[in-house]
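First the structure, in the form of structure tokens, and then the observations on it.
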Amino acid sequence: MRALYLADTLTTATAEWYRSLAEWGLSPQDHIPYDHHRWRLDLELADLSDVEQLRRVSLEAPRPGRSTWPAYQRAGEQLWREGWAGLVAPSAARPGSLITCVFATDWPPAGCTPLDSSTVQAIPPPPRGMTT
């Protein structure tokens, strides 16, 4: 299933970018420039934003690394089958921050409007509190 994957802030998006590069063993300098997009969402999302909500769907707090992906993917697929447009969950790359995953059967997904984009030309500094 395709998805639109978003972060609550630019700092969280940067942490997620670093986490993704680290998981694949890639160098930041090889992935500059890149585009940063902002979106407006007008849809109902499943709230998995804290540990209690995660426990209700048998998930642990996210940790960096692909080993946690299968459980989250199964939960996301179940939410999609139940008719949810997507979910909000804690960021594995930046504790205390959130990510959004919008299920995309169309592009752009219904209820999602691109606002603007900017091109990141230089390697951004790693955010404080980031985990990879």
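Miscellaneous remarks
- Region 46-104, residues that are under 19 Å from T132 (Cα atoms), among the hydroxyl-bearing types (S, T, Y) and either surrounded by fewer than 19 Cβ atoms within 10 Å (Cβ to Cβ) or without any contact (Cβ under 8 Å) to a residue 12 or more places away in the chain (or both): S67, T68
- Hits in region 111-132 (condition: surrounded by 13 or more Cβ atoms within 10 Å (Cβ to Cβ) and in a strand (DSSP E or B)): C112, V120
- Neighbours by Cβ (under 9 Å, 6+ apart or cross-chain): first from region 17-36, closer than 18 Å to P127 by Cβ; second β-branched (V, I, T) and part of a helix (DSSP H, G or I): H36/T14
- The condition (being part of a helix (DSSP H, G or I), over 14 Å from the mean Cα position of the chain (by Cα) and acidic (D, E)) is satisfied by just one residue among E77, E60: E77.
- Region 1-45: number of residues that are at pLDDT 95 or above and touching a helix residue (DSSP H, G or I) at 6+ places or on another chain (Cβ under 7 Å): 1
- Residue list for region 80-110, restricted to those being under 12 Å from L45 (Cα atoms) and part of a strand (DSSP E or B): G86, L87, V88, A89, I99, T100, C101, V102, F103
- Residue match in region 2-16 (condition: more than 16 Å from the chain's Cα centre (by Cα), surrounded by fewer than 17 Cβ atoms within 10 Å (Cβ to Cβ) and among the aliphatic types (A, V, I, L, M)): no
The values are calculated or read from the model by the stated rules, or taken from the named source; none is laboratory data. Predicted model, so just to flag it, every value in this text is computed and none were measured. Cβ coordinates were reconstructed from backbone atoms using ideal geometry, including for glycine residues, and neighbour counts include every protein chain displayed.
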